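Q: This is the structure I have questions about; it appears just below.
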Number of protein chains: 2
Amino acid sequence: MEIAQVLLSLAVIFILAKVASRAFAKLGVPGLIGEIILGILLVNIVIGDFDLAKFLDIKCIDPSGRVYQETHGIIEVFSELGVIFLLFTVGLETKVSDLTSVGKAAALVAIMGVIVPFIVGFAFITITDGDFYHSMFMGAAMVATSVGITARVIKDMKLMDVKESRIIIGAAVIDDILGMIVLAIVSGMAKTGEIDIVNVLIVSVTAIAFVLVVLLIAGKVIPKIYNNVQQKKADRILHDPNYIPPGYNMFVISLGVCLVFAYLADVVGLATIIGSFLAGMLFADHAWEWKLEEKFESISTFFVSFFFVYVGMNVDISVFVEQPALLVTAVIIIVLACVTKFVGCGLGAKIAEPHMEMSSVSIIGVGMIPRGEVGIIVALLGTGIIVAGVPALSSEMYASIVLMCIATTIIAPPILSKLFSKKYKPMYEIRDSDRL
Amino acid sequence: MEIAQVLLSLAVIFILAKVASRAFAKLGVPGLIGEIILGILLVNIVIGDFDLAKFLDIKCIDPSGRVYQETHGIIEVFSELGVIFLLFTVGLETKVSDLTSVGKAAALVAIMGVIVPFIVGFAFITITDGDFYHSMFMGAAMVATSVGITARVIKDMKLMDVKESRIIIGAAVIDDILGMIVLAIVSGMAKTGEIDIVNVLIVSVTAIAFVLVVLLIAGKVIPKIYNNVQQKKADRILHDPNYIPPGYNMFVISLGVCLVFAYLADVVGLATIIGSFLAGMLFADHAWEWKLEEKFESISTFFVSFFFVYVGMNVDISVFVEQPALLVTAVIIIVLACVTKFVGCGLGAKIAEPHMEMSSVSIIGVGMIPRGEVGIIVALLGTGIIVAGVPALSSEMYASIVLMCIATTIIAPPILSKLFSKKYKPMYEIRDSDRL
């Protein structure tokens with residue numbers, strides 16, 4: 001491990017990310033777009049003999065498999081921690097009642113946002129390509145939702161409290177469960193040729209149980225423990241005025257819980273960010289008292305830019321330079337990905353609440369569009385499963401899916417922030433971490 | 001990169017480190033000792049088939065060379081960032097005048113603290129082993145000082161402002177320059193058989209120039225720029241009462257500067273922590289205004305425990321189990337390392353200020369004892385240089401040096417905190433990051 005190289009790369013990426021973010025925010029575009037574009041540039045700029053990716057020791061992914069450099073691995077971990085801490089802070093601002101109050105709408109948005117994209121993605125590849133497994137994995141990748149991107153827009157605009165935000169966050173949690181079930185079915189079929197119902201059931205029940213148990217702990221158990229501890233402290237002080245209750249550093253405790261829950265979520269098959277989001281909810285009632293938001297803000301400021309840069313780093317332009325025809329398919333897939341999520345989720349919202357204004361429906365529809373890293377993970381899984389001697393997902397299909405994931409991630413935030421600021425004008429404010 | 005594995009290891013190490021730190025602090029021993037011991041346990045515990053180091057994907061260093069696991073590399077980077085941020089916060093509390101006011105004492109402490117350990121270390125190996133290069137590298141390793149450990153004790157006890165602390169920090173900076181010059185001479189001789197005076201001069205001048213330039217910027221340039229900017233803002237507001245000056249996030253800027261300076265220090269041959277310490281000094285005058293200490297506190301809380309755990313992770317007990325005779329040499333070296341630094345630095349302080357109380361002299365002497373990772377880096381370099389077909393430093397000698405570095409790191413803090421709290425009783429307080 002060449003520490004100097006790692007320090008140089010971290011410093012360069014961190015500084016450029018913050019400059020890019022500030023520059024884009026000044027133009028009225030969400031800062032994260034600047035960070036994603038920076039990531040794309042970092043891995044694709046070669047001027048004469050100067051290869052920026054080599055200089056920074058970050059190598060892009062080539063479609064046939066990953067090639068890691070040392071520093072690339074560090075950036076990947078930082079990126080993962082960045083989005084984990086980001087979703088933790090979203091959890092800190094979300095009480096259980098915030099989710100249950102929008103439960104029906106969130107569920108319908110998630111369900112329709114899974115069904116419509118899957119069917120359309122499956123159908124499109126069946127018609128144009130014909131391969132069954134390509135179609136299945138394209139469907140599964142279309143289903144994915146990466147709530148990290150939307151969460152950052154919502155947080156940057158300080159709109160965590162509005163109903164649309166709640167519905168999107170709630171729907172994203174449910175969407176992740178549904179997406180995981182779809183993936184379990186699809187990859188199970190690719191591996192064994194049939195649906196392993198028992199396995200799918202186990203996977204589903206575990207994931208749902210995990211989410212419900214954490215919500216139960218957050219809503220019922222934690223308040224009881226907290227009140228008990230406070231009561232005991234008060235009693236003790238009543239009897240002995242000199243008693244000093246032992247101090248605990250809640251920041252350290254919540255950091256530990258955040259990491260553990262991110263890991264546990266991964267173990268039960270969910271995204272790590274669902275785990276950290278739920279972990280944040282455990283502390284939501286007292287986050288203010290313990291200054292957790294402020295403290296996580298500092299740590300998140302350091303890590304989160306690496307996430308958005310890393311998203312961009314996954315784009316390998318060269319595949320499309322070599323096979324321009326691929327671009328046509330990719331563009332169609334991007335359009336389908338945007339339209340199906342928007343229509344599916346919008347429909348779900350309208351079914352749940354027929355009187356919802358179109359401005360709210362649009363916000364929810366657009367907020368669910370980004371596929372981010374979740375779609376890429378699905379595609380990666382597809383390239384790893386071998387069916388009859390060939391990967392279940394071809395490298396061309398993989399490249400298209402990656403482009404779709406990146407494109408949806410870039411397209412949604414500016415539209416979302418426009419829609420939000422149209423509806424909630426005065427609350428718009430650039431967040432600190434977006435600033436240089 | 002298996003993200004789940006990394007998350008699990010980070011979570012386990014972070015939580016155990018904080019528990020260990022709290023437990024030791026409760027017993028009145030500096031919390032960092034708990035973290036170092038945890039690190040030793042992590043890489044050495046094997047219960048039946050259960051190898052904790054394998055479970056956490058961290059593999060210890062074996063004396064013949066490093067064997068890295070993926071997660072080990074992540075922990076190494078976190079550890080490096082931890083001590084970099086720690087020294088940055090020390091820099092935030094250090095003004096240029098704080099250093100120049102103790103300049104003479106710091107310089108003499110550093111010089112004597114280099115001469116005495118080098119001569120004694122060189123002489124001991126010449127007598128017992130006879131190999132010239134072994135003696136040279138042992139001398140160079142004895143010279144090293146790792147200010148990270150002492151800095152944490154000082155910060156934990158909130159004694160940054162006392163004179164002894166200033167002298168130790170100043171001496172550590174000078175010591176690092178001198179140590180680097182010694183290392184340049186020693187490794188140059190091992191590589192070419194003679195002293196390359198030109199190279200040694202270039203190395204020395206570069207390092208000294210780097211430190212002086214940064215101090216000049218901190219002391220003269222920054223105050224001028226700051227006053228200029230404030231003046232311009234005031235003028236502008238006077239002419240246009242509606243003018244809102246552009247806000248800059250000083251936390252983001254200082255974070256970037258911290259990383260860049262850590263890298264630059266490495267480039268000129270100094271320790272990265274000297275760079276981040278100097279970077280912190282650039283912001284010292286306005287750290288309070290920009291809430292930098294508070295914000296770096298959060299980020300440091302996350303990273304710094306990994307540093308002390310990582311120090312412990314470098315101890316491979318098995319070498320000494322296999323060759324118990326080595327332990328005798330190692331113990332003698334440890335004793336010599338402690339005594340020579342204590343006597344050398346104490347002597348330096350006494351020469352500079354003959355009327356200094358013995359309690360102050362002792363604090364300075366003990367504060368300079370820890371060799372930490374700096375000594376290990378010297379030893380690693382020695383094993384990497386091949387002289388006449390064999391490494392300039394044998395693997396047995398390497399193991400002894402590593403043990404010496406760890407032992408001095410563990411021995412000094414409890415004594416230092418005792419000496420400090422005897423002299424400055426009422427100021428002792430357990431720091432937040434030490435708490436669970």
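The values are calculated or read from the model by the stated rules, or taken from the named source; none is laboratory data. Just so it is clear, the model here is predicted, and its values are computed rather than measured. Note that each Cβ is placed from the backbone with ideal geometry, even for glycine, and that neighbours are counted across all protein chains shown. Areas reflect the complete protein model, heavy atoms only, side chains present, ligands, DNA and RNA absent. Shrake-Rupley method; radii C 1.70, N 1.55, O 1.52, S 1.80 Å.
Q: Any idea what log10 I(q)/I(0) is at q = 0.06, 0.07, 0.08 Å⁻¹ for chain A, Debye with uniform C-alpha scatterers and no solvent?
A: Ignoring solvent entirely, the Cα scatterers give -0.25, -0.34, -0.45.
Q: Over the Cα atoms, compute the radius of gyration (one decimal) and Dmax (the largest Cα-Cα distance, rounded to a whole number) for the protein assembly as shown, in Å.
A: So, for the protein assembly as shown, Rg and Dmax equal 29.0, 92 Å respectively.
Q: Continuing with the same structure: If A:M112, B:M404 are ordered by their accessible area, calculated over protein heavy atoms with a 1.4 Å probe, which sequence runs from highest to lowest?
A: A:M112, B:M404
Q: Starting from the Cα gyration tensor of segment A:138-292, multiply each eigenvalue by 5, take the square root, and state the resulting semi-axes largest first in whole Å.
A: Taking √(5λ) for each Cα gyration eigenvalue gives 38, 19, 12 Å.
Q: What's the percent breakdown of Cα-Cα distances in segment A:85-175 across 10 Å bins, shortest bin first?
A: The distribution over segment A:85-175 is 17, 39, 25, 15, 4, given as percents.
Q: Still on this model: Return an integer: the convex hull volume of the alpha-carbon atoms of segment A:105-151, in Å³ per residue.
A: Looking at segment A:105-151, the number lands at 68 Å³ per residue.
Q: DSSP loop (so not H, G, I, E, B), at most 16 other Cβ within 10 Å: list which chymotrypsin sites (Phe, Trp or Tyr not before Pro) in segment B:227-276 pass both filters.
A: B:Y243, B:Y248
Q: For B:V387, what residues show an amide H to amide H distance below 5 Å, using hydrogens built from the backbone and excluding near sequence neighbours?
A: For B:V387, whose amide H was placed from the backbone, the distant partners under 5 Å are B:A392.
Q: Same structure, new question: GNM on chain B, C-alpha springs below 10 Å: top fluctuator among B:L259, B:L81, B:L326?
A: In the Gaussian network model the winner is B:L326.
Q: Suppose all protein chains stay in the model; what accessible area per residue would a 1.4 Å probe give for the protein assembly as shown, in Å²?
A: 40 Å²
Q: Go through segment A:73-96 and flag every residue whose accessible area shrinks by 50 Å² or more with all protein chains in place compared to the isolated chain (probe 1.4 Å).
A: Correct list: A:V77.
Q: Still on this structure: Hand me the GluC sites (Glu not before Pro) from segment B:339-411 located in a DSSP loop with no more than 15 other Cβ atoms within 10 Å, in residue order please.
A: Passing sites in segment B:339-411 are B:E357.
Q: Follow-up. For B:S146, what residues show an amide H to amide H distance below 5 Å, using hydrogens built from the backbone and excluding near sequence neighbours?
A: Correct list: B:R371, B:G372.
Q: Now a separate question. For chain A, build the charge dipole from Cβ charges (+1 Lys, Arg; -1 Asp, Glu) around the Cα centre, then report which of A:I3, A:L381, A:S79 sits farthest towards its positive end.
A: After comparing all options, I get A:S79.
Q: State which helices in chain B qualify, where a helix is a whole DSSP H run, it must extend 18 Å or more along its own axis by its Cα atoms, and its mean Kyte-Doolittle hydropathy must be at least -0.5.
A: B:3-26, B:31-44, B:70-92, B:103-128, B:163-192, B:197-216, B:250-267, B:292-313, B:324-352, B:372-384, B:395-423
Q: Roughly how far apart, in whole Å, are the Cα centres of segment A:410-424 and segment A:296-375?
A: Between the Cα centres of segment A:410-424 and segment A:296-375 lies a distance of 13 Å.
Q: Also, I was wondering about something else. With every protein chain left in place, what is the accessible area of B:K155 in Å² (1.4 Å probe, nearest 10)?
A: Roughly 20 Å² of B:K155 is accessible to a 1.4 Å probe.
Q: I'd like the Kirkwood hydrodynamic radius of segment B:368-428, using the inverse of the mean 1/r over distinct C-alpha pairs, in Å.
A: Computed over segment B:368-428, the radius equals 13.3 Å.
Q: Same structure, new question: Could you size up the charge dipole of the protein assembly as shown around its Cα centre, putting +1 on the beta carbon of Lys and Arg and -1 on that of Asp and Glu, and report it in debye to the nearest 20?
A: With only Lys, Arg, Asp and Glu charged at Cβ, the dipole is about 2500 debye.
Q: Would you tell me the accessible area of A:D196, worked out with a 1.4 angstrom probe on the heavy atoms of the protein chains, in Å² to the nearest 10?
A: My reading of the accessible area for A:D196 is about 70 Å².
Q: What would the Debye formula give as log10 I(q)/I(0) at q = 0.16, 0.18 Å⁻¹ for the alpha-carbon point model of segment A:1-144, no solvent?
A: -1.11, -1.13
Q: To continue, here is another question. Buried accessible area between A and B (1.4 Å probe, both chains summed, ligands and nucleic acids excluded), in Å² to the nearest 100? Spell out each step's value before the answer.
A: Details: alone 19310 and 19300 Å², together 34550 Å².
That pair hides around 4100 Å² of surface in total.
Q: Across segment B:1-127, how many lysine pairs, 8 or more apart or on two chains, come within less than 26 Å at their alpha-carbon atoms?
A: 4
Q: Additional query: Three principal axis extents, largest first, for the C-alpha atoms of segment A:200-271, in Å?
A: 58, 22, 12
Q: At a 1.4 Å probe radius, carbon and sulfur cover how many percent of the accessible area of the protein assembly as shown?
A: The C+S portion of the solvent-accessible surface of the protein assembly as shown is 67 percent.
Q: Evaluate the charge dipole of segment B:10-139 about its Cα centre and quote only its size in Debye, nearest 20, assuming +1 on the Cβ of each Lys and Arg and -1 on the Cβ of each Asp and Glu.
A: Once rounded to the nearest 20, the dipole reads 480 debye.
Q: How would B:L212, B:L92, B:L27 rank on accessible area, largest to smallest, probe 1.4 Å?
A: B:L27, B:L212, B:L92
Q: Considering all projection directions equally, how large on average is the shadow of the alpha-carbon convex hull of segment A:146-236, in square nanometres?
A: 9.1 nm²
Q: Let me ask something additional. Looking at the calculated P(r) for segment B:332-406, what percent of the C-alpha pair distances fall above 18 Å?
A: 50 percent
Q: For segment B:321-363, what does the convex hull of the Cα positions come to per residue, in cubic angstrom? Write down the numbers at each step before the final one.
A: Working: hull volume 2.5 nm³, N = 43.
Taking the convex hull of the Cα positions in segment B:321-363, it is 58 Å³ per residue.
Q: Given the protein chains as shown and a 1.4 Å probe, how many square angstrom of B:I334 are accessible, to the nearest 10?
A: 20 Å²
Q: Take the Cα radius of gyration of segment A:276-341 and divide it by 2.2 N^0.38 Å, with N its residue count; two decimals is plenty.
A: Dividing the Cα Rg of segment A:276-341 by 2.2 N^0.38 Å gives 1.83.
Q: Between the label point of A:G193 and that of the same position in each other copy, find the distances and list them shortest first in nm, with every label point placed 7 Å from Cα along the Cα-to-C-beta direction.
A: 7.2
Q: When only the heavy atoms of the protein chains count and the probe is 1.4 Å, how do B:H72, B:H239 rank by accessible area, highest first? Present the calculation step by step, with values, prior to reporting the outcome.
A: On the way: B:H72 0, B:H239 160 Å².
Largest accessible area first, the list is B:H239, B:H72.
Q: Further question on the same structure: Mind checking A:301-311 for the average number of partner chain beta-carbons within 10 Å of each residue's beta-carbon?
A: Shielding by partners across A:301-311 averages 2.
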